[in-house]
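FYI, it's all coordinate maths here, none of it is from the lab. Predicted model, so just to flag it, every value in this text is computed and none were measured. Quick reminder, even Gly has a Cβ in these numbers, built from the backbone with ideal geometry, and neighbours come from all protein chains shown.
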Amino acid sequence: MNLEKVVFGFFIILALTLNFGFFIGEFDNPDHHNVYELFAVIVVNLIATVLKFGDRTQMGALLLASSLVADLQLLAAAVVWGYAQHVSGTGLDSMVMGSIVSLAGGAMLANIVSVVLLIIETVNLRR
Amino acid sequence: MDRIIFLFLRRMRAPLLVLIAAYTIAVLGLVLIPGVDAEGRPWHMGFFHAFYVISYTATTIGFGEVPHAFTDAQRMWTIVSIYLSVIAWLYAIGKILTLLQEPAFKRAVIEQAFARSIRRLREPFYIICGYGDTGSLLVRALAQRNIRAVVIDRNPDRIDDLELEDMGMYVPGLCADASVSAYLTLAGLLSRHCRGIVALTDDDDANLKIAITSKLLHRELPVICRAETRDVQDNMASFGTDHIINPFDTFGDRLGLALHSPGTHLLYEWLTSVPNMPLSEPLYPPHGKWVLCGYGRFGKAVHESLVGEGVEAVIVEADPQRTGCADRCIIGRGTEAITLQAAGIEEAVGIVAGTDNDANNLSIVMTAAELNPKLFMVARQNRHDNDAIFKAARLNLVMHRSEIIAEDILAQLTTPLLPVFLQQARQQNNAWANEVISRISAVTGEVVPEVWTLTLDAQQAPALWQTLAMHDVHLGEILRDPRDRDYPLSCIPLLLLRGKDPRLMPGEDVVLRSGDRLLFCGRSGVAERMSRVMYNGNVLRYVLSGEERPDGWIWRVMKSAE
């Protein structure tokens, strides 16, 4: 067992589970989507991205790409949230919440790709 | 580029993780700790404001407490986050700076930049391995002729010299061992624009390795090598190195040539010197007894050619055992009068100072000149930076190794027909050479002529090539001035190469064939005028027939309608 692999797998899977946790609930209901959860998803995703840096294999490149996609979507969601609450003054109405949750949903797809790739890589290891 | 980015990302992993962690802790703390707003009501900072506050705090900008004044609990947490995040930033920036300073990283950046500049070369270039005296002379001469060169040298100081030198064009240089095939490939060995490779390092083995590598990886590429010993020379020739230069043999050979036919020697000098310099005076080395100081590789080559010309040569050598002349030499350095007198300097006609020390060589010729002022003085110059003192010594002939090699290679690279001509010229007698010399000086006057090659094919002479398919053209007919055909072009055809068959000094009545290769020498600027005749059908028609015809589609139609 390799501690590095454990940490790597932990963060990738945690990114997906947290993402799922934030995503689930009534689609446009702000009460069902917690801001702390979004914060945690972003942090864990960033950490997962950095962990994937510097791997020159094809698999590593794809993992990094999916993580970058997830980061982009989540940061966009956070920006929308901040804009709605502090700049536009509309507050978290159902339309804003809808776009935040759909952005997070897209990030979740990317995270699923990450986890699937991780599983494929593990299955291919014959040790 | 890939390698650099991956190296960078891999090294940045730890600092980035530390940064993310520090930000997360600081932001989360600010969000969780309750504060009060302006009216004293309890209030929680949002992620947006927390991130804003931490961003300017971590980067030490510090805008103050927004949006409301902080409570003491918040201030306490801010202290923690300041130290946490500022230290994280310092750590990350420190890491980046160390990474940029790292030799491996720097080297990767330099190599990438070098490889990129080679990839961007869209014109023919030569790879020059070794940027010592010879290499720098050669690269400068190539740059003067607008020919691109790429330099590899193991010595970083020399690459710095190259960067500081003003060549008039960009010459990419890489500090690397040229005998490593990866670096040769990086320098463009496999590029389709690469026209040749020149191995000039001061190490025979490295030159050998470069020659083998290039012959194996890019078979058609011409390889020119410098070799200082006979067995390396034979070794290089065995796998098809195109041209091998042994500077000592070349010089010994030239000296022999000067002894035996001064005219041919002068022809050599004129045609291989840098164009538009003043012409060198003819040399008449006397026949009689010669004193030869130093019996190293240079001394041996000179001795061989002197003996070959039937001239008596007395050897003066400080270490006869090592150089293998114990039984037939005078022991001594030659820098002192006694040794030279023992060698019979008073009745000698010439002296050759051929040791590998420039100061000794000068001392030898100066001492000898005092003993016998009528001597013909030849000295070997080892270092390029001693140019001034060798000039001041007013010697009859200076053997400058780097110059000899550079001139020879330049002739090989720029005018491939010249060596063929010179080889043919050696088989002629002195009277023939004198006649050629008088013809050349009649055309070019007081300066070294330009030498150029013309191939009668679709690329170099499209107009003439088309005309040749229709009717015969004599050589004399194209040597007319395109501005006024009553005047001849001031140039002389030196050689006509048809297939493998060379014809020296072709006459005006020779009928040209397509595929012929011609070697000319002449005044500067004539080559351009000639190429105008070769490219432009109208100019060619005027030169051939004197007919000036308007040429355009309409005019041609009208002409044929007549």
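Here are some notes:
- Stretching B:Leu216 away from B:Ser238 to a fully extended chain increases their span by 6.6 nm, per 0.36 nm per residue minus the current alpha-carbon distance.
- Positive-pole candidate from A:Ser99, A:Leu62, A:Val79, dipole of chain A, charges at beta carbon: A:Leu62
- Value at 222 nm in deg cm²/dmol, rounded to 500, when DSSP H runs of n ≥ 4 in the protein assembly as shown each add -39,500 (n - 2.57): -18000 deg cm²/dmol
- Cβ-based exposure ranking for B:Thr78, A:Thr122, in which fewest neighbours within 10 Å come first: A:Thr122, B:Thr78
- Dipole of region B:53-142, positive end: most advanced residue of B:Tyr91, B:Ala104, B:Ala69 [Cβ charges, Cα centre]: B:Ala104
- Rounded, prolate or oblate (a/c below 1.5 giving rounded, otherwise prolate when a/b exceeds b/c) for region B:100-207 by Cα gyration tensor: rounded
- A simple charge model with +1 on the Cβ of Lys and Arg, -1 on the Cβ of Asp and Glu and nothing else charged puts the dipole of region B:271-328 at about 120 debye relative to its Cα centre.
- Normalising the average separation of contacting C-alpha pairs (under 8 angstrom, six or more residues apart) by the number of residues puts the relative contact order of region B:346-481 at 14 percent.
- Local charge for B:Leu292 was computed over the other residues whose Cβ lies under 10 Å away, with Lys and Arg +1 and Asp and Glu -1, and equals 0.
- Annotation: extensible slack from B:Ala458 through B:Lys289 equals 55.2 nm (criterion: 0.36 nm per residue apart, minus Cα-Cα distance).
- Dipole magnitude of chain B about its Cα centre (Cβ charges: Lys, Arg +1; Asp, Glu -1), debye to nearest 20: 1740
- Chain B, relative contact order in percent, only Cα pairs under 8 angstrom and at least six apart counted: 9
- Per DSSP, loop GluC sites (Glu not before Pro) in region B:202-296 with at most 14 further Cβ within 10 Å: B:Glu220
- The alpha carbon gyration tensor of chain B gives principal lengths a ≥ b ≥ c with a/c of 1.5 or higher and a/b no greater than b/c, which makes the shape oblate.
- Shielding of peptide A:38-50 by partners, expressed as the average count of other chain Cβ atoms within 10 Å per residue Cβ, is 4.
- Computed magnitude of the charge dipole of region B:26-143 (debye, nearest 20; Cβ of K, R +1, Cβ of D, E -1): 700
- Whole-number percent relative contact order across chain A, with pairs defined as alpha carbons under 8 Å at least 6 apart: 33
- When each of B:Lys95/B:Lys209; B:Lys300/B:Lys391; B:Lys209/B:Lys500; B:Lys209/B:Lys300; A:Lys5/B:Lys106; B:Lys215/B:Lys300 is checked by Cα-Cα distance, pairs over 29 Å: B:Lys95/B:Lys209; B:Lys209/B:Lys500; A:Lys5/B:Lys106; B:Lys215/B:Lys300
- When the trypsin sites (Lys or Arg not before Pro) in region B:80-135 are filtered for DSSP coil states and for at most 16 other beta-carbon atoms within 10 Å of their beta-carbon, the remaining sites are B:Arg122.
- Shape of region B:150-254, Cα gyration tensor, a/c cut at 1.5: oblate
- Dipole-positive endmost among B:Phe520, B:Ala187, A:Ile112 within the protein assembly as shown (Cβ charges, Cα centre): A:Ile112
- The modelled label-to-label distance for the pair A:Ser94/B:Ala14, using points 7 Å beyond Cα in the direction of Cβ, is 5.3 nm.
- With the simple spin-label model, which puts each label point 7 Å out from Cα in the Cβ direction, the B:Arg230 to B:Ala337 separation comes to 3.9 nm.
- Eligible aspartates and glutamates near B:Lys559 by straight Cα distance, threshold 20 Å, same-chain separation 8 or greater: B:Glu547, B:Glu548, B:Asp551
- Electrostatic bookkeeping for B:Glu477 treats Lys and Arg as +1 and Asp and Glu as -1; over the other residues with beta carbon under 12 Å from its beta carbon, the sum is 0.
- Exposure proxy for A:Leu125, B:Leu32, B:Leu186: other Cβ atoms within 10 Å of each Cβ, ordered fewest to most, give A:Leu125, B:Leu32, B:Leu186.
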